[in-house]
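A.B. asks: Below is a structure I'd like to ask you about.
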Amino acid sequence: MGVIAESQFRSLVEQHQSMVYSIALRIAGDRGAAEEIAQDAFLELYAALKKMESEDHVRFWLRRVTANRATDWLRRKAVRPDWSAEQWDESYEAAIADRVGGAEVRLEQMVSTLPEVLRGAVVLRYQEDLEPDEIATLLGQPVATVKSNLQRALGLLRRKADVMLKEFKRERVG
């Protein structure tokens with residue numbers, strides 16, 4: 001057995017559950033799916049405990065598995081259209097704003113409308129604060145692909161933010 005003993009499993013779940021759920025939610029965009037993905041990730045961790053060598057290994061492994069499971073879920077469901085900034089769904093924005101409100105929600109909404117391959121890179125870079133080379137290793141992609149995906153995602157987010165800002169200005173003036 002590795003450094004991580006089975007008796008430590010409960011503390012590992014408590015320690016990492018918010019990170020795992022957050023990654024799953026931000027990539028999948030569905031609370032129920034995020035809960036299932038997190039549960040699956042921890043079940044896989046339990047089965048792989050003997051292979052874990054350290055706390056860092058566990059954290060890295062959970063990030064990778066969670067991102068992969070969330071991406072798999074998106075592919076199976078195929079529920080996320082690739083919206084352009086001009087096709088912004090205002091009813092979706094209003095529904096989220098009613099639940100929580102504020103700029104954080106709008107940003108989270110914009111991230112949730114990114115194509116899955118871009119969304120995963122953004123979540124891992126800016127939520128989990130991973131470097132592009134770490135994301136590349138985690139997702140099994142070349143570093144150049146990760147950097148390109150991040151650049152494309154940020155460009156798309158800027159365009160969406162511009163559209164949102166123009167709409168906001170029109171509402172304030174009108």
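The values are calculated or read from the model by the stated rules, or taken from the named source; none is laboratory data. This structure is a prediction, so every number in the text was calculated from the model and none was measured. Using ideal geometry, Cβ is built from the backbone for each residue, glycine included, and neighbour counts are taken over all protein chains shown. Ligands, DNA and RNA are stripped out before the accessible areas are found, and what is left, the full protein with its side chains, is counted by its heavy atoms. Shrake-Rupley method; radii C 1.70, N 1.55, O 1.52, S 1.80 Å.
A.B. asks: Output yes when any residue across segment 27-38 is open to solvent by 40 Å² or more (accessible area, probe 1.4 Å), part of a helix (DSSP H, G or I), at pLDDT 90 or above and of a type in the set (K, R), and no when none is.
C.D. replies: Yes, there is a match, as at least one residue in segment 27-38 is open to solvent by 40 Å² or more (accessible area, probe 1.4 Å), part of a helix (DSSP H, G or I), at pLDDT 90 or above and of a type in the set (K, R).
A.B. asks: I'd like to verify a number: residues in segment 3-27 that are in contact (Cβ under 8 Å) with a residue 12 or more places away in the chain and within 21 Å of E134 (Cα to Cα), how many?
C.D. replies: 10
A.B. asks: Going by the conditions given, is L150 assigned to a helix (DSSP H, G or I), open to solvent by less than 10 Å² (accessible area, probe 1.4 Å) and without any contact (Cβ under 8 Å) to a residue 40 or more places away in the chain?
C.D. replies: Spelling it out, it is not the case that L150 is assigned to a helix (DSSP H, G or I), open to solvent by less than 10 Å² (accessible area, probe 1.4 Å) and without any contact (Cβ under 8 Å) to a residue 40 or more places away in the chain.
A.B. asks: Ok, one more. Do any helices (runs of 4 or more DSSP H) entirely within segment 62-142 hold 1 or more residues that are at pLDDT 80 or above, and if so, which?
C.D. replies: 103-112, 116-122, 132-139
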